[in-house]
Amino acid sequence: MANIKSSKKDLKRNAKARVRNQATKSALKTYVKKAKTAAAATTADATVVQTALTAAVKALDKAAQRGIIHKNQAARRKSRIAKAANKALKAETASA
């Protein structure tokens with residue numbers, strides 16, 4: 001344990017930030033998972049897929065802007081879910 005007052009304060013601040021960041025990262029995983037499952041659904045509805053994709057992209061951008069995840073990681077995740085969504089939408093229009 002730190003002896004210096006400012007170090008103790010830093011430890012408290014870091015612990016609070018860690019908890020906050022963990023919550024955000026967990027929420028990101030949920031958004032991405034929802035977008036992937038919406039795209040992977042056999043009867044992929046275009047509006048559901050688009051809504052899930054938009055929510056996930058917004059959350060990823062916010063997390064990257066706040067420094068919770070790296071901007072390249074956010075870009076990679078957005079690219080992957082967009083790719084899955086486009087594939088699902090293309091399959092839907094081809095079958096219709």
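The values are calculated or read from the model by the stated rules, or taken from the named source; none is laboratory data. What you are looking at is a predicted structure, and each value in this text was computed from that prediction instead of being measured. Heads up, the Cβs are rebuilt from the backbone with ideal geometry, glycines too, and the neighbour counts pull from every protein chain shown. Only protein heavy atoms, including side chains, enter the accessible area calculation; ligands, DNA and RNA are left aside. Shrake-Rupley method; radii C 1.70, N 1.55, O 1.52, S 1.80 Å.
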Flag if V48 is more than 11 Å from the chain's Cα centre (by Cα), of a type in the set (A, V, I, L, M, F, W, C) and assigned to a helix (DSSP H, G or I): yes
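Please determine, by comparing only the residues of the range 12-55 that are of a type in the set (S, T, Y) and more than 21 Å from R66 (Cβ to Cβ), which one is modelled with the lowest pLDDT. Explain how you work it out, then say what you get.
Initially, the range 12-55 is screened for residues of a type in the set (S, T, Y), giving 24, 26, 30-31, 37, 42-43, 47, 51, 54.
Narrowing further to those that are more than 21 Å from R66 (Cβ to Cβ): 37, 42-43, 47, 51.
Working: T37: 94, T42: 70, T43: 73, T47: 90, T51: 94.
Ranking the qualifying residues of the range 12-55, first place goes to T42.
This table checks each residue for (1) touching a His at 6+ places or on another chain (Cβ under 9 Å); (2) assigned to a helix (DSSP H, G or I); (3) surrounded by 13 or more Cβ atoms within 10 Å (Cβ to Cβ); (4) not small (G, A, S).
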{"site": "K36", "(1), (2), (3), (4)": "no, yes, yes, yes"}
{"site": "A52", "(1), (2), (3), (4)": "no, yes, yes, no"}
{"site": "D61", "(1), (2), (3), (4)": "no, yes, yes, yes"}
{"site": "S79", "(1), (2), (3), (4)": "no, yes, no, no"}
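Tally the residues that are assigned to a helix (DSSP H, G or I) and either open to solvent by less than 50 Å² (accessible area, probe 1.4 Å) or not polar (S, T, N, Q) (or both), restricting the search to the range 65-77.
Start the filter on the range 65-77 by keeping residues that are assigned to a helix (DSSP H, G or I), which leaves 65-66, 71-77.
Next, from what is left, pick out any that are either open to solvent by less than 50 Å² (accessible area, probe 1.4 Å) or not polar (S, T, N, Q) (or both): 66, 71, 74-77.
Qualifying residue count for the region: 6.
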Single condition D10 does not satisfy, out of (1) open to solvent by less than 90 Å² (accessible area, probe 1.4 Å); (2) outside any helix (DSSP H, G or I): (2)
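A quick yes/no check of all residues on (1) in contact with a strand residue (DSSP E or B) (Cβ under 8 Å, 6 or more places away or on another chain); (2) open to solvent by 70 Å² or more (accessible area, probe 1.4 Å); (3) not in a helix (DSSP H, G or I):
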| site | (1), (2), (3) |
| --- | --- |
| N3 | no, yes, yes |
| N14 | no, yes, no |
| A39 | no, no, no |
| V57 | no, no, no |
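Touching a residue at least 40 places away in the same chain (Cβ under 8 Å) and over 27 Å from A17 (Cβ atoms) - does that describe any residue in the range 63-79?
Within the range 63-79 (the criterion being touching a residue at least 40 places away in the same chain (Cβ under 8 Å) and over 27 Å from A17 (Cβ atoms)), the answer is no, since none of the residues qualifies.
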